[in-house]
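Written below as structure tokens is the structure these notes are about.
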Amino acid sequence: MFVALDHSPRAAIDFGISNTDAVAFVDGAWHCWTRSYADLPDADLVEDILAEGGVKLADLPYLAVTGGRHRLLPNRLGDCRVMGVNELTAIGRGGQAMAGLNAGADEPPALVISAGSGTAMVAAQGVTYEHVTGTAVGGGTMLGLARLILNTVDPREIDDLAQAGNANGADLSLADVITGPIGSLPAAATAVNFGRLGRSAVDVSRADLAASLVTMVGQVIGLLSIQAARARRIERIVVIGHLTDMASIRQVLASVSQYYSTPVDLAEHAGYATALGAMLHANATAQSGESA
């Protein structure tokens with residue numbers, strides 16, 4: 001996942017819409033950390049973020065940055081070069097790394113699914129990265145709806161509730177709708193998200209509501225990913241982003257993968273993939289003498 005580099009210190013920051021993620025390679029070891037998004041990036045914020053991981057800006061030959069607001073930073077901070085990396089490139093390269101791919105031209109393509117606040121899907125092959133499609137459904141959707149129906153926006157609480165609940169307490173299953181399985185889908189598979197609530201007034205537990213919510217978000221992402229991969233004839237799907245920190249989301253994605261006989265890679269620490277991709281791209285760029 002986190003590939004070995006030489007012993008020169010390196011670091012990267014991904015300024016996301018919900019989280020600010022950082023990775024660093026210092027003294028031959030990898031470090032990664034995150035904080036909730038709070039401020040627009042500037043020199044003080046960068047130094048503060050790096051200090052949180054025990055990294056000094058003055059020790060870095062360059063700092064890789066990506067994310068929607070990274071362009072607010074200057075080209076240099078003191079003696080450190082700031083290398084901005086296009087977010088699609090960072091997503092694609094990070095997904096390749098999570099899948100064990102080295103961005104070689106002879107390697108197979110991968111569809112990298114960035115499951116964050118929303119969801120972006122990037123085709124990655126070699127050093128070519130192309131936005132394929134995406135969906136506005138993501139972690140931000142889950143938190144927004146959780147505030148309304150669960151009275152919480154804590155992902156850990158939502159995750160715990162979802163794992164304790166039964167989605168079919170709020171959903172309608174195929175067994176409810178057509179009394180049995182259809183195609184490769186078992187009778188217990190979801191037929192209508194939250195459909196049981198629309199049929200009649202039912203008493204649904206908070207845990208079941210959480211399970212139904214997580215199921216809906218995970219299924220939308222999983223199904224659209226598989227459809228996009230098939231449309232592009234890409235066999236490798238890699239999911240990154242902090243939504244995969246939730247065990248319940250990983251379970252839903254794994255079930256969609258199983259239902260449709262399509263492998264989906266779910267690497268550990270995938271929430272840091274975009275920052276890692278920025279670092280790897282900047283490292284390759286610095287070695288070649290090009291500009292990021």
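Derivation of every value follows stated rules applied to the coordinates shown; laboratory data play no part. Values in this document were obtained by computation on a predicted structure and should not be read as measured data. We place every Cβ from the backbone using ideal geometry, glycine too, and count neighbours over all the protein chains shown.
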Restricting the search to the stretch 181-215, which residues are in a helix (DSSP H, G or I), in contact (Cβ under 8 Å) with a residue 40 or more places away in the chain and not β-branched (V, I, T)?
R206, A207, D208, L209, A210, A211, S212, L213
Counting only residues in the stretch 180-205 that are closer than 26 Å to L150 by Cβ and hydroxyl-bearing (S, T, Y), the one surrounded by the fewest Cβ atoms within 10 Å (Cβ to Cβ) is identified as S200
Looking at Y129 and the list (1) free of Cβ contacts under 8 Å to residues at least 60 places away in the same chain; (2) under 30 Å from V202 (Cβ atoms), which single condition is not satisfied?
(2)
Restricting to the stretch 233-292, name every residue that is basic (K, R) and touching a strand residue (DSSP E or B) at 6+ places or on another chain (Cβ under 6 Å).
R236
Of the residues R81, R93, which is surrounded by 13 or more Cβ atoms within 10 Å (Cβ to Cβ) and part of a strand (DSSP E or B)?
R81
Any chance V65 is surrounded by 16 or more Cβ atoms within 10 Å (Cβ to Cβ) and under 22 Å from A286 (Cβ atoms):
yes
